[in-house]
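Participant: I have a structure I would like to understand better, so I am pasting it below and will then ask my questions one at a time.
The values are calculated or read from the model by the stated rules, or taken from the named source; none is laboratory data. Bear in mind that the values here come from a model prediction, so they are computed numbers and not experimental data. So basically every Cβ, Gly included, is an ideal-geometry build from the backbone, and we count neighbours across all protein chains shown. In case anyone asks, the SASA skips ligands and DNA or RNA and just uses the protein heavy atoms, side chains included. Shrake-Rupley method; radii C 1.70, N 1.55, O 1.52, S 1.80 Å.
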Amino acid sequence: MKGHGQGAVATEIQGLTQPVVVPRGDIDLDELKEQTYTKRVPPLAGEDEKQLNLAAFEDRRWQNARRFLMQLDDWGPERAQSVLAQGAKHFGVWDLDPWMSQTLARHVLTQENVTDPSPALEQLIQRSKDNFEEFEAIADRLVTCSTPSTPKTPSTPKPSQQNVERSLAKATTMTAKHVSKHLEDKLKKERGTASSLMQDGIEWKASLLAQGSLRKWKVLLHCLVFGIGLAYAFKVVFHMYPEAIDTFGWPVFFARMGGMMAACWTGILYWTMARGFLSYLYPFARGKSVLVEPLDGHKDLHIMSGMALCATASLHIISHIIGTVPGIMQAKDASNLNAIVGCANEATTSGYMKGIDFGFLQWPSCPFREIPRTIEEVLFKTMPGLTGILLLALLWAMYYTAKDQRRKNHFDLFWYVHNVGIVLWPALLFMHGTNGWIGTGFPLVAFTAFLPITLYAWSRIGRSLRYILFAGRAVKILHARVRPGKGGGADGALTYLKISPPPCLWRFKPGMYAFICMPQYAPLQWHPFTICSGKGDPTVDFLIAGVGDWTRELARRCLEAKENNSPLPLVAIDGPYIAPTQSALTKKVLVAVGAGVGITPFLSLMSTIISQLDNDGDLPEGAGGKRGSSKFARLLEVHFYWMTRNADEFLFAQLQISRIVTHKSLLGKVFVHLHVTGKAPERDASGFVFREALRRQSEIDRKVFKDALKERGLQAMLGPSLPMCWVNGAKEDIMWTAKLALTPDKLKVDTMESMAENSVSLHTDEKSV
């Protein structure tokens, strides 16, 4: 405030170039200040404050959009539904249900507040009302009038008939609430007590490889390998070669320990890669979490073993550089070295394997005739030195290309380097130990890794046989269903493949994964993908996202095959192999959460569960007609949560969803929760209008649903259209659709002949199952 000579007050407001002068007459500023403190006006509160906030910050986009649309010449229900259908496509809803479109159009067409719920919600409430009345009928049938007989006593007055009827009604009549309580108690009895459920939940979580569940196995392996290396070093240095420390110093002890530990980690590396053998072991370990964990976590153990191999190899190399190499170069003559090394004293060295001659691999020959006097001669003119340099270079190359970011950006380089390393590493390691200077006289890798390498070779031989015998013959793509990516191309596309399985060398169980090779594009590359078909399905199905060079090429070739009516690409498959999801079927309650194509292992579980549960909701009979003896005997509930940016990805599970909806027995056992997380493009009016209309309709539906749920209970409202997120108080917006659930007359599964006639389709084609 500033005082002016003319008796005015000027108020400077930010954003104005000139002060606003308000004439007030002759005003004493000190008096005005005193009045401000003595006559303070209360601040805005309550409704006034709310209205002020609305006036200042109200979002007028909805009103502006409706005002513009109403000025169109052809504005009406058809045009409103057209705008909504156009906006729905931004969320992957390519064919908006007519009744849903009409429901949302009411918010765009009328200026009055819409209060009617969605037709799907009305049907849900009506069905719950019918279920509620059925519960009442059950309650009437359960009313009994029998009471225990008691001896009459003179002192007890006889109650009136009206009191007796009231007491019987109070004691024996079951209302719908009681029936619901009875059903819940029965279900709780089947599941067991709450404590046992908690224990089962922990066991299930652990067997699906929870964070840190492998820690005890990792610690155990580290302790075991360290103990073996320590014991070996003690035996070699103090028992077999007691003079070695005098010549090479204490580093020779750590060199021997590091060498044995590196050989042990090499064996563990090949164990974790022997997928065929691990898959064979899996049935024997199922149900035992302690045994399942290392099988489920073989990939994590493989990575840990590689890192441990680098560490122990470094210990081995550094110890030789600071101890063994100087000891050799500083020896007086060849006789001094010959008196120490085992290859020159086979008869007198305890524990040394005698009579083994590796011939030309022993370089220089033993006993020594000349001593290497320079570092170059030790490292490049001896078999241990030269193979040690090659092993170090190979180890560094595999480590460098295996880093996450480099593997993603240059997968081809990672693949070829590792495949070369798989062959060269054990060969070089064997040659590295053939001289038998200070050791047992035979390469350590033969003791620690021979069996794992053999089992791994067995898996690779099986892959070669499947490739030679079946690729392009028995194994071929029968049908490809593609959702195009950005700009209708292959980048970001989703490809659903139906492949004919090999007639033999194929043992599939739900949740497994397999490798796919596209020989015409990259004959040596095999990429792993989870199998999403069930155990009883006639084809091997994969859902593949086009996010890399290989996957984009697959989608591109499938799109070209549809456009040019040309053959689909040639493929070969290898597997199947175990995955952590396999142990899920042995649990009582299964909760599966997947995002995007991460749902593929659970689609396989869903297909298997649906196909093995009969139409009455009972479990299949086991051997001898004994019911409940199958692996599904414990399964009570299955919840599949699928989150994706676009709703059109749900079409890839249309067959499974349709079966769940059409089989009444599955409705109370299998629940599918579909969540769309995508957003409309910025400044796209049609997407905004659709999303805002859906939000306003969801507000109405939530209130109606909340009242119905409170009145009738959850048991009466179970069904495929139940918005489970609203049951728990969440406020997500809901869109009901009938496009994902086909009726039995339209549920037509493709046969081998029909797939051959129509080899490629888009996800929006009418024939979508």
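Participant: Among the residues in segment 563-570, are any open to solvent by 40 Å² or more (accessible area, probe 1.4 Å), at pLDDT 90 or above and in a loop (DSSP other than H, G, I, E, B)?
Facilitator: To start, the set of residues in segment 563-570 that are open to solvent by 40 Å² or more (accessible area, probe 1.4 Å) comprises 563-567, 570.
So of that shortlist, the ones also at pLDDT 90 or above come out as 570.
Those left that are additionally in a loop (DSSP other than H, G, I, E, B): 570.
Yes: one or more hits.
Participant: Every residue in segment 466-484 that is in a strand (DSSP E or B) and within 18 Å of Ser533 (Cα to Cα), please. Talk me through it step by step, then tell me what you get.
Facilitator: Taking segment 466-484 as the starting set, the residues that turn out to be in a strand (DSSP E or B) are 471, 475, 477-483.
Residues satisfying the conditions are Val475, Ile477, Leu478, His479, Ala480, Arg481, Val482.
Participant: Would you be able to say whether some residue in segment 374-387 is modelled with pLDDT of 90 or more, open to solvent by 40 Å² or more (accessible area, probe 1.4 Å), within 26 Å of Trp265 (Cβ to Cβ) and out of contact with any Lys or Arg (no Cβ under 6 Å at 6 or more places or on another chain)?
Facilitator: Yes: one or more hits.
Participant: Provide a single number: the residues in segment 338-359 that are open to solvent by 60 Å² or more (accessible area, probe 1.4 Å) and under 52 Å from the mean Cα position of the chain (by Cα).
Facilitator: Going through segment 338-359 one residue at a time, the tally reaches 1.
Participant: Tell me which residues, restricted to segment 255-281, are of a type in the set (Phe, Trp, Tyr), in contact (Cβ under 8 Å) with a residue 12 or more places away in the chain and either surrounded by fewer than 20 Cβ atoms within 10 Å (Cβ to Cβ) or not in a helix (DSSP H, G or I) (or both). Before the answer, list the steps.
Facilitator: First pass over segment 255-281, keeping only residues of a type in the set (Phe, Trp, Tyr): 265, 270-271, 277, 280.
Checking which are in contact (Cβ under 8 Å) with a residue 12 or more places away in the chain leaves us with 265, 270-271, 277.
Scanning segment 255-281 gives a single hit, Phe277.
Participant: Evaluate the following for Leu635: is it buried (at least 20 other Cβ atoms within 10 Å of the Cβ) and modelled with pLDDT of 75 or more? Please lay out each step first, then the result.
Facilitator: Details: buried (at least 20 other Cβ atoms within 10 Å of the Cβ): yes; modelled with pLDDT of 75 or more: no.
Here the answer is no, as Leu635 does not meet what is asked.
Participant: Among the candidates Ile609, Ile544, single out the residue that is at pLDDT below 85, within 20 Å of Leu674 (Cα to Cα) and β-branched (Val, Ile, Thr). Explain how you work it out, then say what you get.
Facilitator: Values: Ile544 fails: at pLDDT below 85.
Within the list Ile609, Ile544, the selection yields Ile609.
Participant: Can you tell me which residue is farthest from His320 (Cα to Cα) among those in segment 330-370 that are hydrophobic (A, V, I, L, M, F, W, C) and in a helix (DSSP H, G or I)? Spell out how you get there, then give the answer.
Facilitator: In the first step, residues of segment 330-370 are kept if they are hydrophobic (A, V, I, L, M, F, W, C); the result is 331, 334, 337, 339-341, 343-344, 347, 353, 356, 358, 360-361, 363, 366, 368.
Still in the list and also in a helix (DSSP H, G or I): 334, 337, 360-361.
Values: Ala334: 19, Leu337: 16, Phe360: 23, Leu361: 20 Å.
Filtering first and then ranking leaves Phe360.
Participant: Report, ordered by the first and then the second residue, all pairs with beta carbons closer than 6 Å, sequence separation of six or more or different chains, a first member in segment 558-572 that is more than 16 Å from Met518 (Cα to Cα), and a second member that is of a type outside the set (Lys, Arg) and open to solvent by less than 100 Å² (accessible area, probe 1.4 Å).
Facilitator: Qualifying pairs under 6 Å: Lys562/Val760.
Participant: So is Ile599 crowded, with 20+ Cβ neighbours inside 10 Å and in a strand (DSSP E or B) or not? Before the answer, list the steps.
Facilitator: Numbers: crowded, with 20+ Cβ neighbours inside 10 Å: yes; in a strand (DSSP E or B): no.
Here the answer is no, as Ile599 does not meet what is asked.
Participant: Failed condition for Gly487, given (1) within 30 Å of Phe650 (Cβ to Cβ); (2) open to solvent by 40 Å² or more (accessible area, probe 1.4 Å); (3) assigned to a loop (DSSP other than H, G, I, E, B), with all others met?
Facilitator: Of the numbered conditions (1) within 30 Å of Phe650 (Cβ to Cβ); (2) open to solvent by 40 Å² or more (accessible area, probe 1.4 Å); (3) assigned to a loop (DSSP other than H, G, I, E, B), the odd one out for Gly487 is (3).
Participant: So, in segment 571-592, exactly how many residues are over 29 Å from Cys558 (Cβ atoms) and modelled with pLDDT of 75 or more?
Facilitator: 4
Participant: Here's a follow-up. Could you give every pair whose Cβ atoms fall below 9 Å, whose first residue belongs to segment 395-420 and is under 17 Å from Trp550 (Cβ atoms), and whose second residue is open to solvent by 90 Å² or more (accessible area, probe 1.4 Å) and among the acidic types (Asp, Glu), counting only separations of at least 6 or pairs across chains?
Facilitator: Going by the 9 Å Cβ cut-off, the qualifying pairs are Phe411/Asp549; Asp412/Asp549.
Participant: For segment 465-480, which residues satisfy the criterion of being touching an Asp or Glu at 6+ places or on another chain (Cβ under 9 Å) and either open to solvent by 20 Å² or more (accessible area, probe 1.4 Å) or among the hydroxyl-bearing types (Ser, Thr, Tyr) (or both)? Walk me through it before giving the result.
Facilitator: Looking only at segment 465-480, we keep the residues that are touching an Asp or Glu at 6+ places or on another chain (Cβ under 9 Å), and these are 466-467, 478-479.
Across segment 465-480, the qualifying residues are Arg466, Tyr467, Leu478.
Participant: Which of the residues spanning segment 520-536 are in a loop (DSSP other than H, G, I, E, B) and crowded, with 20+ Cβ neighbours inside 10 Å?
Facilitator: Let us first name the residues in segment 520-536 that are in a loop (DSSP other than H, G, I, E, B), namely 520-521, 532-536.
Result: Cys532, Ser533, Gly534.
Participant: Let me ask something else. Hey, among Ala308, Ala313, which residue is touching a His at 6+ places or on another chain (Cβ under 9 Å), closer than 16 Å to Met257 by Cβ and surrounded by 13 or more Cβ atoms within 10 Å (Cβ to Cβ)? Explain how you work it out, then say what you get.
Facilitator: Numbers: Ala313 fails: touching a His at 6+ places or on another chain (Cβ under 9 Å).
Being touching a His at 6+ places or on another chain (Cβ under 9 Å), closer than 16 Å to Met257 by Cβ and surrounded by 13 or more Cβ atoms within 10 Å (Cβ to Cβ) holds for just one of Ala308, Ala313, which is Ala308.
Participant: Is it the case that Tyr456 is open to solvent by 80 Å² or more (accessible area, probe 1.4 Å) and either part of a helix (DSSP H, G or I) or farther than 30 Å from Gly548 by Cα (or both)? Break it down into steps so the answer makes sense when it comes.
Facilitator: Numbers: open to solvent by 80 Å² or more (accessible area, probe 1.4 Å): no; either part of a helix (DSSP H, G or I) or farther than 30 Å from Gly548 by Cα (or both): yes.
It is false that Tyr456 is open to solvent by 80 Å² or more (accessible area, probe 1.4 Å) and either part of a helix (DSSP H, G or I) or farther than 30 Å from Gly548 by Cα (or both).
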